[in-house]
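Please read the structure below before turning to the comments.
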Amino acid sequence: RWEDHFDSLRGGVILSDTTARMLQYWSEDGSVFRLYPTSVPVSEDLTRLGYTEVIEKRENPSWSPTPAMRQRNPEWPAFVPGGDPMNPLGVRALYLSWQYYRIHGTHDPRRIGRRSSNGCIGLYNEHILELYELARVGTQVKLI
């Protein structure tokens, strides 16, 4: 129930449950509801919980690992262009107000339903394509 987490549907809402590994979306007028399976962060220390919002949307986003990721994985490339099958952000990304946190697609469907990310919430590419069209900048987001 969105009412358990948000005061209103203003701008639409996204609720991502990191335990159930599911993301729910409700449109501002309540007429659209979607439920998607997700990947979640690999550990509790990489998991950020609370309220944020969508501040930007990108098609075929490029990816650069965070400084902490580069420290843990120095063999990773410093930059992967959008559209590259090695790009972990898939075909679309919703950028959140928290630095480095995204809701994005994945080119590796084995990641969905697992603890497999470095902090982001991942969806199948076909699901992020749909969510990308539904959500807008300003959509309220809560990770629980």
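When L143 is tested against (1) surrounded by 14 or more Cβ atoms within 10 Å (Cβ to Cβ); (2) modelled with pLDDT under 95, only condition (2) is not met. Here R10 does not fit the description of being touching a residue at least 60 places away in the same chain (Cβ under 8 Å), exposed (fewer than 15 other Cβ atoms within 10 Å of the Cβ), touching a Lys or Arg at 6+ places or on another chain (Cβ under 9 Å) and basic (K, R). When we screen I112, I55, I103 for residues that are surrounded by fewer than 16 Cβ atoms within 10 Å (Cβ to Cβ) and of a type in the set (V, I, T), the only hit is I55.
Restricted to region 19-46, and to residues there that are polar (S, T, N, Q) and more than 11 Å from the chain's Cα centre (by Cα), the residue that is least open to solvent (accessible area, probe 1.4 Å) is S27.
Only residues in region 64-88 that are free of Cβ contacts under 8 Å to residues at least 12 places away in the same chain count as the first member; pair them with residues that are open to solvent by 50 Å² or more (accessible area, probe 1.4 Å) and among the charged types (D, E, K, R), Cβ under 7 angstrom, at least 6 apart or cross-chain, and list the lot. Sorted first by the residue in region 64-88, then by its partner, the pairs are W76/R70. From the list G83, G90, which residue is loosely packed, with under 15 Cβ neighbours inside 10 Å, assigned to a loop (DSSP other than H, G, I, E, B) and of a type outside the set (S, T, N, Q)? Just one listed residue meets the conditions, G83. Residues considered: L96, L49. Of these, the only one that is surrounded by fewer than 18 Cβ atoms within 10 Å (Cβ to Cβ), among the aliphatic types (A, V, I, L, M) and over 16 Å from H127 (Cβ atoms) is L49.
Among residues of region 113-130 that are within 18 Å of G83 (Cβ to Cβ), those with a beta-carbon under 8 Å from a residue that is assigned to a strand (DSSP E or B) and open to solvent by 30 Å² or more (accessible area, probe 1.4 Å) at least six positions away or on a different chain give the pairs L123/P37; Y124/P37; N125/R92; I128/R92; L129/R92.
The values are calculated or read from the model by the stated rules, or taken from the named source; none is laboratory data. None of the values given here were measured: they were computed from a predicted structure. Note: ideal-geometry Cβ built from the backbone for every residue, glycine included; neighbour counts use all protein chains shown. Protein only, heavy atoms only, side chains kept; ligands, DNA and RNA dropped before computing areas. Shrake-Rupley method; radii C 1.70, N 1.55, O 1.52, S 1.80 Å.
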